[in-house]
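Working notes, beginning with the structure itself.
FYI, it's all coordinate maths here, none of it is from the lab. Since we're looking at a predicted model, the values are computed, not measured. Because the Cβ atoms are built from the backbone with ideal geometry, glycine has one as well, and the counts that use them run over all protein chains shown.
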Amino acid sequence: MLESFNLYIFGGTGDLAQRKLLPALYRQDLLSSFSKDSKIIALGTKEMTNEEYKLIIRNSLLKYSKICDLDNNSWDRFSERISYKKINIKSETDWFSFAKPNKSIGSIYYLATPPSLYKEISIALQKNNLINHNSRIVVEKPIGSDYASALEINNALADGFNENQIYRIDHYLGKEAVQNLLALRFANVIFENIWSNSAIDNIQITVAENLSLEGRGDYYDKTGALKDMVQNHLLQILCLVAMEPPTDITSESVRDEKLKVLKSLALIDKNNINASCIRGQYSEGSIDNTLKKRYLDEGGVGKGSATETFVALKIMIDNWRWAGVPFYLRTGKNMAKKCSEIVIEFKSIPHNIFGKDKKLNTNQLILKLQPDEGIQLKLMTKEPSVSGFNLKELPLDLVLNEYHELGHQDCYERLLLDVIKGNPALFMRRDEVEASWVWIDRLVELWDQIDIPLHEYLSGSWGPSASDLMLDKENRSWRNGK
Ligand code: BG6
């Protein structure tokens with residue numbers, strides 16, 4: 001059982017709290033992770049009684065929780081922990097009425113609010129003496145919208161909290177399959193010697209979504225795929241794939257190695273930008289037999305908006321291990337299917353002993369992150385026959401879902417438990433966030449200087465054909481989650 005805590009959720013009536021945080025907390029409460037006196041205090045701008053708030057949460061658990069058994073006993077126990085408090089963060093009186101934290105119980109401030117409020121809330125917490133050595137603050141991505149704003153937020157957080165009290169969430173790091181990358185690379189001896197430009201031809205990281213904006217048009221239109229997904233999730237995955245072996249699994253060792261990768265990302269070449277960067281926006285099309293509207297007709301999207309809903313990039317890493325190996329990253333909304341995976345494509349064999357007419361596919365190691373979790377290695381094998389020597393590609397297939405005993409917990413469960421335990425390993429350190437913004441800012445500067453085309457792609461496709469062409473020109477192709 002964990003030590004007692006008071007968890008304050010700013011934005012307690014918001015989407016994140018209802019969809020993710022409360023369902024994750026409920027499930028862990030069911031598993032008896034929390035001590036009896038641990039409390040959840042939701043904070044919001046609306047006037048509401050505790051009972052009214054609890055009703056909202058009960059309904060969201062029924063809607064979003066993966067467990068259907070909302071039996072009365074477990075709900076009663078959970079709801080006992082919950083209370084609601086109205087707060088106007090601009091009101092000194094409201095802050096004054098905030099009970100001072102008990103030094104022996106961890107006080108966790110979870111900012112499930114727009115990032116524009118992070119600085120203000122952090123300053124108010126400090127001004128009102130609500131921070132002690134046992135306090136933690138949790139903020140969601142995006143931390144800012146560029147390097148300068150990220151710096152401002154990080155500085156404000158640092159005024160009140162030590163770095164080890166600040167938990168910057170990138171929920172992809174809470175996913176089992178993403179953490180499994182560390183196990184694959186560093187708990188097995190067979191990969192490390194070939195994990196470099198000596199044997200690897202290219203690496204693809206795809207995070208494709210078959211959903212559109214889910215009611216977040218306003219935010220998304222100001223953000224776009226590059227800042228919403230690449231700056232954080234895709235670059236974090238790239239770091240885990242490309243980093244050097246850390247000394248140990250502690251948060252500082254792993255973060256030090258990730259930071260080195262971020263600092264080694266080569267700038268995209270201005271004179272050759274169309275060969276390294278494709279932007280797209282979805283048009284009408286159908287996904288699973290449902291007609292999807294075009295981006296420009298979505299709620300919250302500005303008239304004639306040029307925001308990208310798809311981006312494909314070719315990134316080079318300037319270091320000894322990865323010189324010459326392109327990392328192709330792509331992500332998009334309204335794509336053919338939900339599919340996040342990493343493809344490590346190995347080089348061709350140096351000499352084909354089977355003859356020129358026998359085509360040999362390159363080996364591919366495919367790390368499936370979601371919705372299925374697994375590891376697949378594509379190998380060439382001999383086709384059984386009494387004459388000749390014909391070759392066929394077959395997969396070695398490890399379906400991880402079949403081996404999980406706990407069933408699928410949501411990544412927020414893991415992350416919330418880590419915050420409560422005080423373990424920051426799966427959270428981003430400030431220098432990582434800042435380094436990734438430096439790289440993204442430079443790319444955005446290029447986008448502003450050069451008129452990069454915004455390619456339309458059909459909803460339900462794998463993105464604009466220009467993205468296929470980008471690889472085609474280099475005699476490569478995307479795997480497209482086959
Ligand atoms: C969020 C993005 O960080 O990640 C969303 O803001 C995106 O736009 C989501 O849909 C994807 O997360 P997941 O876990 O569904 O792959």
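Once Lys and Arg get +1 and Asp and Glu get -1 on their Cβ, which of VAL386, TYR403, ALA425 lies farthest toward the positive end of the dipole of the stretch 378-428?
Checked the options; the winner is VAL386.
At 0.36 nm per residue, minus the direct Cα-Cα distance, what do ASP297 and VAL386 gain on full extension? Give it in nm, one decimal, please.
25.9 nm
In angstroms, what radius of gyration and Dmax does the stretch 145-199 have, counting Cα atoms only?
Using the Cα atoms of the stretch 145-199, the pair Rg, Dmax is 17.5, 47 Å.
With only Lys, Arg, Asp and Glu charged, each at its Cβ (+1 for the first two, -1 for the last two), find how big the charge dipole of the chain is about the Cα centre; round to the nearest 20 debye.
Dipole about the Cα centre, nearest 20: 220 debye.
What is the pair-distance distribution P(r) of the stretch 1-149, computed from all Cα-Cα distances in 10 Å bins starting at 0, with each bin given as a whole percent?
10, 40, 36, 12, 1
Going by average Cβ density within 10 Å per residue, which order do the peptides 122-134, 386-398 take, highest to lowest?
Averaged packing, sorted descending, gives the order 122-134, 386-398.
To two decimal places, what compactness ratio does the chain give when its Cα radius of gyration is scaled by 2.2 N^0.38 Å?
In units of the globular-protein estimate, the chain measures up at 1.04.
How high is the relative contact order of the chain, given as a whole-number percent (alpha carbon pairs under 8 Å, six or more residues apart)?
Relative contact order, the chain: 17 percent.
Kindly write out, for the stretch 330-338 in residue order, the coupling ³J(HN,Hα) from the Karplus curve 6.51 cos²θ - 1.76 cosθ + 1.60 (θ = phi - 60°), rounded to whole Hz, with x marking Gly and Pro.
Taking θ as phi minus 60°, the curve returns 8, 8, x, 9, 6, 8, 4, 7, 6 Hz for the stretch 330-338.
Testing the spin-label approximation: label points 7 Å from Cα along Cα→Cβ at PHE191 and GLN126. State their distance in nm.
Result for the modelled spin labels: 4.1 nm.
Name the residue from ASN274, ALA208, LEU182 whose Cα lies farthest towards the positive end of the charge dipole of the stretch 174-296, charges +1 on Cβ of Lys and Arg and -1 on Cβ of Asp and Glu.
Positive-end residue among those listed: ASN274.
In sequence order, what are the phi-derived ³J(HN,Hα) couplings for the stretch 371-382 according to the Karplus relation 6.51 cos²θ - 1.76 cosθ + 1.60 with θ = phi - 60°, rounded to whole Hz, with x for glycine and proline?
Each residue of the stretch 371-382 in turn: x, 8, 10, x, 10, 10, 10, 8, 10, 8, 10, 8 Hz.
Arrange the following residues from fewest to most other Cβ atoms within 10 Å of their Cβ: TRP95, TRP437, TRP320.
TRP320, TRP95, TRP437
For the stretch 275-292, take each phi angle, set θ = phi - 60°, evaluate the Karplus expression 6.51 cos²θ - 1.76 cosθ + 1.60, and give the result in whole Hz per residue in order, putting x for glycine and proline.
8, 10, 7, 10, 10, x, 9, 7, 9, 4, x, 10, 10, 6, 6, 10, 6, 10
Taking the Kirkwood radius as the inverse of the mean 1/r across Cα pairs, report the Rg/Rh of the stretch 412-478.
Answer for the stretch 412-478: 1.18.
Report the net charge of residues surrounding ARG321, where surrounding means a beta-carbon distance below 12 angstrom and charges are Lys +1, Arg +1, Asp -1, Glu -1.
My count for the surroundings of ARG321 gives -3.
Check each of the GluC sites (Glu not before Pro) in the stretch 400-482 and keep only those in coil by DSSP with at most 16 other C-beta atoms within 10 angstrom; list them in order.
Listed in order of number, the matching sites are GLU405, GLU474.
Quick check: pseudo-label points 7 Å beyond the Cα along Cα→Cβ at ASP94 and SER251, how many nm apart are they?
2.9
Per 10 Å bin from zero, what fraction in whole % of the C-alpha pairs of the stretch 254-298 is there, up to the bin with the longest pair?
20, 22, 22, 27, 9
Could you tell me the center-to-center distance, by alpha carbons, between the stretch 226-243 and the stretch 91-150 in angstrom?
Taking the Cα centre of the stretch 91-150 as reference, the centre of the stretch 226-243 is 26 Å away.
Remind me, what semi-axes does the stretch 171-256 give for its equivalent ellipsoid, largest first in whole Å, using sqrt of 5 times each Cα gyration tensor eigenvalue?
The answer is 30, 15, 11 Å, longest axis first.
Mean separation of Cα pairs under 8 Å and 6+ residues apart, divided by the residue count of the stretch 101-171: what relative contact order is that in percent?
38
Given the convex hull over the Cα atoms of the stretch 93-192, what projected area results after averaging over all orientations, in nm²?
So the Cα hull casts an average projection of 8.7 nm².
Running Debye on the stretch 324-434 with equal point scatterers at the Cα sites and no solvent, what base-10 log of I(q)/I(0) appears at q = 0.22 Å⁻¹?
Scattering profile of the stretch 324-434, log10 relative to I(0): -1.29.
Please give me the summed charge of the neighbours of LEU394: other residues whose Cβ is under 11 Å from its Cβ, Lys and Arg +1, Asp and Glu -1.
Summing Lys/Arg as +1 and Asp/Glu as -1 gives 0.
Between ASN352 and SER74, what is 0.36 nm times their sequence separation minus the Cα-Cα distance? Round to one decimal in nm.
The ASN352-SER74 span can extend by a further 93.7 nm.
Could you pull the Cα extents of the stretch 213-324 along its three principal axes, largest to smallest, in whole Å?
Cα spread of the stretch 213-324 along its principal axes, largest to smallest: 49, 37, 27 Å.
For n ≥ 4 DSSP H runs only, could you compute -39500 (n - 2.57) per run for the chain, divide by its residues and tell me the 222 nm figure to the nearest 500?
-9000 deg cm²/dmol
Test of understanding: ordering ILE56, ILE450, ILE190, ILE317 by Cβ neighbours within 10 Å, fewest first, what list do you get?
Fewest-to-most Cβ neighbours within 10 Å comes out as ILE190, ILE450, ILE56, ILE317.
Compute the long axis of helix 50-64 from its Cα atoms, compare it with the longest principal axis of the Cα atoms of the chain, and write down the angle in degrees, 0 to 90, nearest 10.
20
Describe numerically, in nm with one decimal, the distance between label points set 7 Å from Cα along Cα→Cβ at LYS338 and at SER35.
Reported label-point gap for LYS338 and SER35 is 3.7 nm.
What ranking of HIS351, HIS455 emerges when the number of other C-beta atoms within 10 Å of each C-beta is taken as an exposure proxy, fewest first?
Listing HIS351, HIS455 from fewest to most nearby Cβ atoms yields HIS351, HIS455.
Using the Cα centre of the stretch 432-482 as origin and beta-carbon charges of +1 (Lys, Arg) and -1 (Asp, Glu), tell me which of ASN480, SER436, GLY463 is placed farthest towards the positive end of the dipole.
Checking the options against the dipole of the stretch 432-482, the answer is ASN480.
Excluding GLU152 itself, calculate the net charge of residues whose Cβ lies under 15 Å from the Cβ of GLU152, where each Lys or Arg counts +1 and each Asp or Glu counts -1.
Once positives and negatives cancel, what remains is -2.
Only Cα pairs under 8 Å and at least 6 apart count here; give the relative contact order of the stretch 250-362 as a rounded whole percent.
Relative contact order for the stretch 250-362 comes out at 21 percent.
How much length would be gained if the chain were fully extended between GLU163 and ASP448, taking 0.36 nm per residue of separation minus their Cα-Cα distance, in nm to one decimal?
99.2 nm
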